[in-house]
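Below is one structure, written out as structure tokens; comments come after it.
The values are calculated or read from the model by the stated rules, or taken from the named source; none is laboratory data. Since the structure is predicted, the reported quantities are computational estimates derived from the model, not experimental observations. Positions of Cβ are generated from backbone atoms using ideal geometry, with glycine treated the same way; all protein chains shown enter the neighbour counts.
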Amino acid sequence: MQKVRTMLYVDDVEQVVDFWQNKLGAQVVEVNALPDDSENIVVTVAPNVELSFFAKSFIRQYSPEVLGATPSLILYSRDFEGLHNRLTTAGKVVKNNGMRTFNFRDPEGNYFVIGEAK
């Protein structure tokens, strides 16, 4: 299976990466120095799934055409209940097409969804 990497543009890369590590168990797999002295940090959030975080200030300077809304991402977890309990911004558990899901907000107000993996 190929690896999937999604790029996310945030105001504070370190704060957002810290959130993903401490609340969702993400592991840093790559740190890249960028020309503006900021860093691009890549984390693994599931087997073969990575999130690559860039500072919005870097993107505004080097690729302003791609700066837009955060993509809608659903991540699947077998630790569904544990994540729901750990995430202080977790929403109510609901069923979508027979699958239990909940949303959560990161420190910058971006929303993501966790689906219960079977």
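Any chance you could count how many residues in the range 11-60 are of a type in the set (A, V, I, L, M, F, W, C), assigned to a helix (DSSP H, G or I) and closer than 21 Å to GLY82 by Cα?
5
For ARG105, the stated conditions hold: it is among the charged types (D, E, K, R) and under 15 Å from the mean Cα position of the chain (by Cα). Give the residue that is surrounded by the most Cβ atoms within 10 Å (Cβ to Cβ), with candidates limited to residues of the range 86-118 that are among the basic types (Lys, Arg) and farther than 23 Å from LEU8 by Cα. The qualifying residue surrounded by the most Cβ atoms within 10 Å (Cβ to Cβ) is ARG100. VAL43 fulfils the conditions (1) closer than 20 Å to PHE19 by Cα; (2) modelled with pLDDT under 95 except for a single criterion, (2). Quick check: is even one residue across the range 69-85 at pLDDT 95 or above, of a type in the set (S, T, N, Q), surrounded by 12 or more Cβ atoms within 10 Å (Cβ to Cβ) and outside any strand (DSSP E or B)? No, the range 69-85 has no match at all.
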